[in-house]
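Trainee: Have a look at this one before I ask anything.
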Amino acid sequence: MPLCNFDQYPSFALVNACVVTCDGEGDSPRDRLGIIAPGVVLVQGEKVGCVGKVSDFSFDGSIQTIDVQGRLVTPGLVDPHTHLVFAGSRMDEFQAKMRGVDYRKIGQEGGGIMRTVRATRGSDEIALLKRLESRLARMLRRGVTLVEVKSGYGLNIGEEMRLLRLGKSVSEKVLDGNEVGVKQLPRTTTTLLGAHAIPQEYAGNREEYVNLVLKMVDLVSGHENGMRLAEACDVYIESHAFSVGEAKRILESAKKRGLLVRAHVGQFEDIGGAEMVAEMGGISCDHLEHVSDKALGAMAAAGTRAVLLPGAWRTLRQQAPDAQRMQRMGVEVAVGTDANPGTSPCFDLLVALGLAVRDAGLDPEAALLAITREAAEACGAQQAGRIRAGWRADLAIWDEVDPLVFGYALGGLEPRAVIIAGKWVLEHDGDWSLIFQ
Ligand SMILES: [Zn+2]
């Protein structure tokens, strides 16, 4: 029996749920999960009207009630780090990597990021949009309702703006000013990553390329069709990419113009970027396979999230970062797919989470927080990652009863239903059997 036979209700209540609000207070993971069981989530229009215990509610028949029979109701999942707008694959490079060739050597020989830049620049807008929509649709099927999408495969003004416009258009309908229709896809939040690599045409003149990125920052922080093309600015800080000094110039300019700031830091070595990003009040430092205690202390003080990217350390066969060390030092941890065609061809946030638990020692009970509330904080998303009265009703219903399952399972979990802004956008038919019982 399907849960719901309607495309959309103006108002409905999920009753007899194990509601995992991810909005609790306290030191223990359990407290922070904010579990209410048996609970109710009342959805009114696009928002959560209220959430509470079944015993606190009485329904008079004016509201449609849906009995979810003890199943988990969670916030829609949030992927805080992706490079989803790209063309082409790099399967042959992956094969070379698995045979022992170093990732940085592949880049020096014209492969790596620059290869995807060439393929993406050569791809027309409709083809890129179709690929993006297809990737987002796959993520939705895993319960993801908000995805951070970076540019970074354009590396000139026109191309970077084009990629950001595409990233926006899937949820904001602004592609070339024309409506592209309402899609049942996750919401996106976009990040300028003009400083992803130095393009070949600027190989002898880094300074000039950094100046070009500063112009990109200017452009995205202005308004186009009444909106900004990006909410955040990111820089790839690494000895083969951008220095801490170059990143500081770019991020300071972005911050001054009202963009959120974050960075790829410490993927191959610790060159000191995390302290700088934290001192600037950055929302996240991502990767952190190599990071000092001093940097973690600065991140904890500033509330800068660590975003762990298991798809990348697995693909590059690197040692995982230590999530427990980060959490002991007071750094909140999020997990993302880092979906990209080179170092992390991973589009499944729940698999990434399962790997973060196994490789980085992320506590399984707290794991769900890393792909909900902490992920939303890590990408600066508003009204996402928690079930809270007055916030957007982005929800997932699972054929499971214990939130520990999100850290325990390694793939195979799919939501029974997904609700975005109060609208029932995905629902699986079938029986009610649990995977684990
Ligand atoms: Zn990345």
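Trainee: What is the gain in length, in nm to one decimal, between residue 279 and residue 317 on full extension, counting 0.36 nm per residue of separation less the C-alpha to C-alpha distance?
Mentor: On the way: separation 38, 0.36 × 38 = 13.68 nm, distance 3.08 nm.
Between residue 279 and residue 317, full extension yields an extra 10.6 nm.
Trainee: Compare the peptides 76-84, 36-44 by average per-residue count of other Cβ atoms within 10 angstrom and give them in order, highest first. Could the numbers behind the result be given before it?
Mentor: On the way: 76-84: 29.3, 36-44: 21.2.
Result, highest mean Cβ count within 10 Å first: 76-84, 36-44.
Trainee: What does the charge dipole of region 78-378 about its Cα centre add up to, to the nearest 20 debye, if the Cβ of each Lys and Arg holds +1 and the Cβ of each Asp and Glu holds -1?
Mentor: Numbers: 38 positive and 40 negative charges, 121 e Å.
The calculation lands at about 580 debye.
Trainee: Please report the relative contact order for the chain, taking Cα pairs under 8 Å with a sequence separation of at least 6, and give it as a percent rounded to a whole number.
Mentor: On the way: 1041 pairs, mean separation 86.5, N = 437.
Worked out over the chain, it gives 20 percent.
Trainee: Once phi is turned into θ = phi - 60°, what whole-Hz ³J(HN,Hα) does the Karplus curve with 6.51, -1.76 and 1.60 give for every residue of region 300-317, x standing for Gly and Pro?
Mentor: These are the phi-based 3J(HN,Hα) values: 4, 5, 8, x, 6, 6, 8, 9, 8, 10, x, x, 6, 5, 6, 5, 8, 6 Hz.
Trainee: Please work out the FRET efficiency for the pair residue 211 and residue 104, using the Cβ-Cβ distance as r and a Förster radius of 30 Å; give the result to the nearest 0.05. Could the numbers behind the result be given before it?
Mentor: Values: r = 25 Å, r/R0 = 0.84.
About 0.75, to the nearest 0.05.
Trainee: Can I ask one more? State the extension gain, in nm to one decimal, for the chain segment bounded by residue 401 and residue 134, taking 0.36 nm per residue of separation less the distance between their alpha-carbons.
Mentor: In short, 93.1 nm is gained.
Trainee: Where q = 0.14 Å⁻¹, what log10 of I(q)/I(0) comes from the Debye formula for the chain, counting one point per Cα?
Mentor: The calculated log intensity ratios at q = 0.14 Å⁻¹ are -1.28.
Trainee: Which of the peptides 304-314, 279-289, 381-391 is most tightly packed, and how do the rest follow, going by the mean number of other Cβ atoms within 10 Å of each residue?
Mentor: Working: 304-314: 26.7, 279-289: 23.7, 381-391: 19.5.
Packing proxy ranking, top to bottom: 304-314, 279-289, 381-391.
Trainee: Can you flag which of 105/248; 215/423; 97/215; 105/294; 53/168 are past 29 Å Cα-Cα?
Mentor: Violating the 29 Å Cα-Cα cut-off are 215/423; 97/215; 105/294; 53/168.
Trainee: Between residue 69 and residue 30, what is the label-point separation in nm under the 7 Å Cα-to-beta-carbon projection?
Mentor: In this crude label model, residue 30 to residue 69 measures out at 2.7 nm.
Trainee: Looking only at 195, 203, 339, which one moves most when the chain is put into a Gaussian network model with springs between Cα atoms under 10 Å?
Mentor: Fluctuation is largest for 203.
Trainee: In addition: Between beta-carbons, use under 11 Å as the cut-off and find the net charge around residue 288, counting Lys and Arg +1, Asp and Glu -1.
Mentor: For residues surrounding residue 288, the net value is -2.
Trainee: Any idea of the accessible area per residue across the chain, 1.4 Å probe, to the nearest Å²?
Mentor: Values: 16640 Å² over 437 residues.
Heavy-atom SASA per residue in the chain reads 38 Å².
Trainee: Also: What number comes out for the charge environment of residue 298, summing +1 per Lys or Arg and -1 per Asp or Glu over other residues with Cβ under 11 Å away?
Mentor: -2
Trainee: Here's a follow-up. If I take R0 = 35 Å and measure r between the Cβ atoms of residue 56 and residue 436 in this structure, what FRET efficiency does the formula 1/(1 + (r/R0)^6) give, to the nearest 0.05? Intermediate results must be reported in sequence, preceding the final value.
Mentor: Numbers: r = 30 Å, r/R0 = 0.85.
Computed FRET efficiency for residue 56 and residue 436: 0.75.
Trainee: Related question: Considering the dipole of the chain built from charges on the beta carbon (Lys and Arg +1, Asp and Glu -1) around the Cα centre, which of 241, 22, 75 is farthest to its positive end?
Mentor: Positive-most Cα among the choices belongs to 241.
Trainee: Given the protein chains as shown and a 1.4 Å probe, how many square angstrom of residue 290 are accessible, to the nearest 10?
Mentor: Around 80 Å² of this residue is reachable by solvent.
Trainee: Ratio of alpha-carbon Rg to the 2.2 N^0.38 Å globular estimate for region 37-113, to two decimals, please.
Mentor: Numbers: Rg = 24.7 Å, N = 77, 2.2 N^0.38 = 11.5 Å.
Normalised Rg, Cα atoms only: 2.15.
The values are calculated or read from the model by the stated rules, or taken from the named source; none is laboratory data. Just so it is clear, the structure is predicted and the values come from calculations on it, not from any experiment. Here the Cβ is made from the backbone with ideal geometry for all residues, glycine too, and neighbour counts use every protein chain on show. Heavy atoms of the whole protein, side chains included, go into the accessibility calculation; ligands, DNA and RNA do not. Shrake-Rupley method; radii C 1.70, N 1.55, O 1.52, S 1.80 Å.
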